[in-house]
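Some notes on the structure that comes next.
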């Protein structure tokens, strides 16, 4: 019989994972605002949003180092430490891709895109935002699962993982659509290269979120 690991004075490693996931979500919000600001040409605050992402990424790095190097004595891990760290790596990679996208976008100092490209780019950003936001909910629900080992709670986590996978497939589809439009609408080869790489970086956000879901699925496997 499994014993809930959050009882007594035991410390949950998922507390710090949750804090890290919340930082990733905050970065996602700033990222979305920065993209819309730069592409729509309706604001001049792109650099401010980008600096906010950099600040949040630094704060998330501090949490990541705490998880990796300072698990409190008395912490009872309900999963293998390797799995925990691999999950953290993928969750952190989401944040890294967000920061990389804004770094790459900053190289193009002239904002604005053709209407046909702009709409699809916004759709791609919207599609990867849901996985970003779902990570913190997945960690919270997994924490509840490891407290109760309830099959109902396990199904909730699996539903979130399934949604991450579906969002990743949708992001792939929209990324391909954006690339197709770029090659058939844009004439400037430098602009084509810039937008194609930007699409790939943004798409990788959903890739890493799906990978995080796969690691979470391994952690909640019933044979643990």
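Observations on the structure shown:
- The sole residue among 109, 165, 155 that is touching a helix residue (DSSP H, G or I) at 6+ places or on another chain (Cβ under 9 Å) and either farther than 23 Å from residue 218 by Cα or part of a helix (DSSP H, G or I) (or both) is 165.
- Note on the range 79-106: residues that are in a loop (DSSP other than H, G, I, E, B) and surrounded by 14 or more Cβ atoms within 10 Å (Cβ to Cβ) total 1.
- In the range 171-190, residue surrounded by the most Cβ atoms within 10 Å (Cβ to Cβ) [restricted to those that are in contact (Cβ under 8 Å) with a residue 40 or more places away in the chain and in a helix (DSSP H, G or I)]: 171
- Residue among 145, 180, 149, 113 that alone is out of contact with any strand residue (DSSP E or B) (no Cβ under 7 Å at 6 or more places or on another chain) and on the phi > 0 side of the Ramachandran plot: 149
Coordinate-derived values only; no laboratory data. Since we're looking at a predicted model, the values are computed, not measured. Positions of Cβ are generated from backbone atoms using ideal geometry, with glycine treated the same way; all protein chains shown enter the neighbour counts.
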